[in-house]
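Data first, discussion second: the structure below is written as structure tokens.
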Amino acid sequence: MAAKKLVYPAADRNKDPILSVLKKYIQPGPDQTFLEISSGSGQHIAHFAPHFPQIVFYPSEYEPRLLESIAAYATEFANIKDPLRIDVTTEFHTWGNGIFKEASIDYIYNANMMHISPYECSISLFSNAGKLLKDNAILFTYGPYAINGKITPTSNVNFDINLRLQDSSWGLRDIKDLKELAEKNGIKLIDIIDMPANNKTIIWKKC
Ligand SMILES: C[S@@+](CC[C@H](N)C(=O)[O-])C[C@H]1O[C@@H](n2cnc3c(N)ncnc32)[C@H](O)[C@@H]1O
């Protein structure tokens, strides 16, 4: 089983700083659910799950080839479900044969997807989160962002240029635009936390 586990070096570096942020915002409580959109290798959810035994974690991925790695991590933890194949641009009612009900999720987490996917994925992330999250529940997004049309530092400017050269529909998203998307879906930006390597974790709350 261990051989199937992919290891992304970046996920290894950022999993602890992200966990510290989650610990500040995740409240103790019974029967909580945490849905990850675009789990990648599965490293993040496997790192977080043992710290929150009260939460049932649902990993998911768009790329079918990654599901095996996520499952290999998930199987080691009683509170991580088998990964679901989720394309965030589809309606949540279709995910996992309809296991998620409206206003039923406590936490949604999405790392490093918005800038490495078409903008449609960001639009759908917020529209699905707006329907799935309970009132006062939280959406965490992690990655590099532009702020009011400006990208800093130069390394992120170059990263954005390289992404757009690879795929013209990719690129760093502007927090100002995301805030508008969020508000259209009843979600408020409540905090922006600077993270290592010029990334940010953004905390969004369903109102
Ligand atoms: C850079 S990886 C990030 C993986 C992981 N979250 C991490 O931080 O290591 C970007 C992810 O976005 C996912 N993605 C791309 N299009 C998607 C879509 N339509 N729905 C859901 N995820 C998507 C890819 O499959 C990929 O896993």
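Please treat every number below as a calculation from the coordinates, not as lab data. Everything quoted here is computed from the prediction, not taken from an experiment. Don't worry about glycine lacking a Cβ; one is built from the backbone with ideal geometry, like all the others, and counts go over all protein chains shown.
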Cα centroid of the range 17-85 to Cα centroid of the range 99-156, whole Å: 16 Å
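What is the antiparallel percent of DSSP beta bridges lying wholly in the chain, to the nearest 5? Mind dumping the intermediate values first?
Details: 15 of 34 bridges.
DSSP beta bridges in the chain are roughly 45 percent antiparallel.
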For the range 74-185, the percent of all C-alpha pairs falling in each 5 Å bin, from 0 up to the bin holding the max distance, is 2, 11, 18, 22, 18, 13, 9, 6, 1
Over the alpha carbons of the range 1-54, what is the largest minus smallest coordinate on each principal axis, giving the biggest first in Å? 35, 23, 18
Please provide three numbers in whole Å: the alpha-carbon extents of the range 119-207 along the principal axes, with the largest listed first. 38, 25, 18
Label model pair Asp135, Asp16: point-to-point distance (7 angstrom along the Cα→beta-carbon line) in nm is 4.0 nm
In nm², the average projected area of the convex hull spanned by the Cα atoms of the chain is 10.8 nm²
Under the helix-only model (-39500 (n - 2.57) for each DSSP H run of 4 or more, divided by the residues of the chain), the mean residue ellipticity at 222 nm, to 500 deg cm²/dmol, is -10000 deg cm²/dmol
With an 8 Å cut-off on Cα pairs and a minimum separation of 6 or more residues, tell me the relative contact order of the range 151-207 in percent. 23 percent
With a Förster distance of 41 angstrom and the Cβ-Cβ distance between Ala78 and Val157, calculated FRET efficiency to the nearest 0.05 equals 0.40
Sorted from fewest to most neighbouring beta carbons within 10 Å, what does the list His93, His115 look like? His93, His115
Nearest 0.05, what FRET efficiency do Ile99 and Val7 give at R0 = 30 Å with Cβ-Cβ as r? 0.55
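What order do you get for Val56, Val157 when you list them from fewest to most C-beta neighbours inside 10 Å?
On the way: Val56 17, Val157 14.
Sorted ascending by nearby Cβ count, the order is Val157, Val56.
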Per the rule of 0.36 nm per residue minus the C-alpha distance, extending Tyr25 to Glu120 adds in nm 31.5 nm
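For Thr89 and Ser168, compute 0.36 nm times the residue count separating them, minus their Cα-Cα distance, and round to one decimal in nm.
Values: separation 79, 0.36 × 79 = 28.44 nm, distance 1.81 nm.
Going from the current span to full extension adds 26.6 nm.
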Just for the range 103-207, what percent of DSSP beta bridges are antiparallel, to the closest 5? 65 percent
